[in-house]
1. Starting from the Cα-Cα distance between Lys30 and Lys90, subtract it from 0.36 nm times their residue separation and give me the gain in nm to one decimal.
2. Using 0.36 nm per residue of separation minus the Cα-Cα distance, give me the extension gain between Glu59 and Glu42 in nm, one decimal.
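Bear in mind that the values in this text are calculations on the coordinates, not laboratory data. Being a predicted model, the structure only gives us computed values, none of them experimental.
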Amino acid sequence: MLGSKDNAVVGRPPCKKCLLGQADAGELEKSIDGLILLIPDEDRADDEAYRSRLAKCDECAALNEGTCGECGCFVRLRAAKRAKGCPVGKWQPLTHKAIPQDAGR
Ligand code: SF4
């Protein structure tokens, strides 16, 4: 049974995909897309950084079907957030985007 002690990896957070159990993979990907779209522009990583981050995840032994074995996150969602970094330092948080002084006026 998912979430039982038998499946727990000692010292690591639970994988979000495992917590969702039998969630349909296609629906899960759509949900992640939706969550990425909800990230405000100023908090979202630019396309180049996003792709570069995911390329590093792609080569990482900790990657497990879209989740990170180190922190349990969905890597696409983590990589889409400027302020997030890889939990073991393979890619870094980005500085916050400068907001023009006249924004919102
Ligand atoms: S976030 Fe870091 S540790 Fe996790 S899969 Fe990506 S590169 Fe690997």
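1. Gain on stretching Lys30 to Lys90: 19.0 nm.
2. Result: 3.3 nm gained on full extension.
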